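A short write-up of the structure that comes next.
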Amino acid sequence: MRRLIPKKLLSLYHLAFALLGARWYGNPSAQLFIVGVTGTKGKSSVSELVRTLFAGAGYKTALASTIHFRIGDDIEPNLYKMTMPGRARLQKFLRKALDTGCTHAVIEMTSEGAAQFRHKGIELDALIFTNLQPEHIESHGSMEAYAAAKLSLAQHLADSPKRPRIIVANAEDAYGPAFLAVPVETKVPFSLKDVEPYNVDDTSMRFVYHREVFSVPLPGLFNLRNVLAVLSLGSAMGIAVGVMKKALEHVGPIKGRVERVEVGQDFAVVVDYAHTPDSLKALFETFRSSNPDHRIIVVMGSTGGGRDQWKRPEMGRIADEYCDVAILANEDPYDEDPHKILGEIANGFSEHQ
């Protein structure tokens, strides 16, 4: 039924719900410190790390992400199959967070949510931009439209009545300058140069930030960038470096994000939500460089049915390059033929059976 509704009409429907929901629930975001997190990769990890940082700083914090909805220590899994649920659910969530004593909230924000105006009625204090890679091209129509949807979130920050407003952006990404160009009071670029020299492996990272030595139990360069984004926000907010160090050095595993499964086996088992060719390559490189003689066996899908079909052979090619064995799995085909999806991934392999 949704496919029969024109996209513009559907977007107006979501806009009406977002604005009416904000009014119905008493505009809760106006009374909370709201951090939005956007980008192609790392959104969920950064959102979780910001929540961890705020909790370490003594703030009761709410989190709405792809993984779960969390208010303090109360956690509910996100079962909507969408990061930003519509029909005023985010406003209801923020109202509950405020009523139970939260002072801060972190919201993972997507291009799909922005295109459907689900961010409207949420007054931002800060926005973190991680990176931008080709994604959701079929949905948005082009890479330019996808980037514009992401940048509309930065403009939403600029339109916020909150003061001061903070933008934190990856200066190593080609779109970083565009995010940093928005007219807000505090602009914080970050890059790996900020923490050189550093050391990362498949279990942890070590680096120096503001003359403090950090050791964080998260693997890979991609996670170092995620941590650096969070530290940049914390510094802009005036959170002491010692407080940030204590919070992040005790961070637990992030569900589905290089999450290790430990049941007494003598080999590593890792679950990860890598959903772009670049993120899949970064994941494999982390484990290949740390253990060059070890075999890598991957069980993988690609994208769900009807989405980003161009990625399928490329993700197969990357798995073929880095892995000893690849097992292709049927993953959310929706109404597309699962054999077709698997065949397109297999086309990226030099040999397959």
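The values are calculated or read from the model by the stated rules, or taken from the named source; none is laboratory data. Everything numeric here is computed off the predicted structure, so don't read it as measured data. Here the Cβ is made from the backbone with ideal geometry for all residues, glycine too, and neighbour counts use every protein chain on show. Side chains are part of the model used for accessible areas, which takes the heavy atoms of the whole protein and leaves out ligands, DNA and RNA. Shrake-Rupley method; radii C 1.70, N 1.55, O 1.52, S 1.80 Å.
Of the helices (runs of 4 or more DSSP H) lying entirely inside region 217-298, those containing at least 3 residues that are open to solvent by 20 Å² or more (accessible area, probe 1.4 Å) and out of contact with any Ser or Thr (no Cβ under 8 Å at 6 or more places or on another chain) are 241-248, 277-290. Within region 137-152, how many residues are buried (at least 20 other Cβ atoms within 10 Å of the Cβ) and under 18 Å from GLN309 (Cα atoms)? Looking only at that region, the number is 1. Out of everything in region 260-301 that is within 15 Å of the chain's Cα centre (by Cα) and of a type in the set (D, E, K, R), what residue ends up being modelled with the highest pLDDT? Among those residues, the one meeting the criterion is ASP272. Cβ-Cβ distances below 7 Å connect the following pairs, each with a first residue in region 51-79 that is in contact (Cβ under 8 Å) with a residue 12 or more places away in the chain, a second residue that is part of a strand (DSSP E or B) and among the hydroxyl-bearing types (Ser, Thr, Tyr), and a separation of six or more residues or different chains: ARG51/THR61; PHE54/THR61; ALA55/THR61. Hey, any hits in region 113-123 for a residue that's open to solvent by 30 Å² or more (accessible area, probe 1.4 Å), within 18 Å of VAL182 (Cα to Cα) and more than 17 Å from the chain's Cα centre (by Cα)? The answer is yes, given that some residue of region 113-123 is open to solvent by 30 Å² or more (accessible area, probe 1.4 Å), within 18 Å of VAL182 (Cα to Cα) and more than 17 Å from the chain's Cα centre (by Cα). Here is a check on your reading of the model: is PRO177 surrounded by fewer than 16 Cβ atoms within 10 Å (Cβ to Cβ), in a helix (DSSP H, G or I) and without any contact (Cβ under 8 Å) to a residue 40 or more places away in the chain? Criteria met by PRO177.
The listed residues are LYS41, LYS92, LYS96, and the only one of them that is of a type in the set (D, E, K, R) and either modelled with pLDDT under 95 or in a loop (DSSP other than H, G, I, E, B) (or both) turns out to be LYS41. Being surrounded by fewer than 24 Cβ atoms within 10 Å (Cβ to Cβ), within 24 Å of the chain's Cα centre (by Cα) and of a type in the set (S, T, N, Q) is a condition met by at least one residue of region 7-18.
The conditions of being within 19 Å of the chain's Cα centre (by Cα), crowded, with 17+ Cβ neighbours inside 10 Å and not acidic (Asp, Glu) are not met by LEU94.
Just to be sure, is LEU53 more than 22 Å from GLN31 (Cβ to Cβ), assigned to a helix (DSSP H, G or I) and open to solvent by less than 20 Å² (accessible area, probe 1.4 Å)? No, not satisfied. Checking each residue in region 317-353 for being over 23 Å from GLY141 (Cα atoms), assigned to a loop (DSSP other than H, G, I, E, B) and of a type outside the set (S, T, N, Q) picks out CYS323, ASP324, ALA329, GLU331, GLY348, PHE349, GLU351, HIS352.
Scanning region 153-170 for residues that are free of Cβ contacts under 8 Å to residues at least 24 places away in the same chain and touching a helix residue (DSSP H, G or I) at 6+ places or on another chain (Cβ under 8 Å) turns up nothing. Checked against (1) part of a helix (DSSP H, G or I); (2) under 20 Å from the mean Cα position of the chain (by Cα); (3) acidic (Asp, Glu), GLU314 meets all criteria but (2).
Among residues of region 113-134 that are of a type in the set (Val, Ile, Thr), those with a beta-carbon under 8 Å from a residue that is assigned to a loop (DSSP other than H, G, I, E, B) and open to solvent by less than 10 Å² (accessible area, probe 1.4 Å) at least six positions away or on a different chain give the pairs ILE128/GLY39; THR130/GLY39; THR130/THR40.
Which of the following residues is touching a residue at least 24 places away in the same chain (Cβ under 8 Å), farther than 28 Å from THR83 by Cβ and of a type in the set (A, V, I, L, M): VAL258, VAL263, VAL251, VAL243? Selected residue: VAL243, the only one of VAL258, VAL263, VAL251, VAL243 that is touching a residue at least 24 places away in the same chain (Cβ under 8 Å), farther than 28 Å from THR83 by Cβ and of a type in the set (A, V, I, L, M).
Yes or no, residue by residue, for (1) at pLDDT below 95; (2) closer than 22 Å to PRO253 by Cα; (3) in contact with a Gly (Cβ under 8 Å, 6 or more places away or on another chain):
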{"position": "ARG3", "(1), (2), (3)": "yes, no, no"}
{"position": "LEU32", "(1), (2), (3)": "no, no, no"}
{"position": "GLU48", "(1), (2), (3)": "no, yes, no"}
{"position": "ARG51", "(1), (2), (3)": "no, yes, no"}
{"position": "ALA64", "(1), (2), (3)": "no, yes, no"}
{"position": "LEU79", "(1), (2), (3)": "yes, yes, no"}
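Applying the criterion of being open to solvent by 20 Å² or more (accessible area, probe 1.4 Å) and among the polar types (S, T, N, Q) to the residues of region 97-112, the residue that is nearest to SER191 (Cα to Cα) is THR110.
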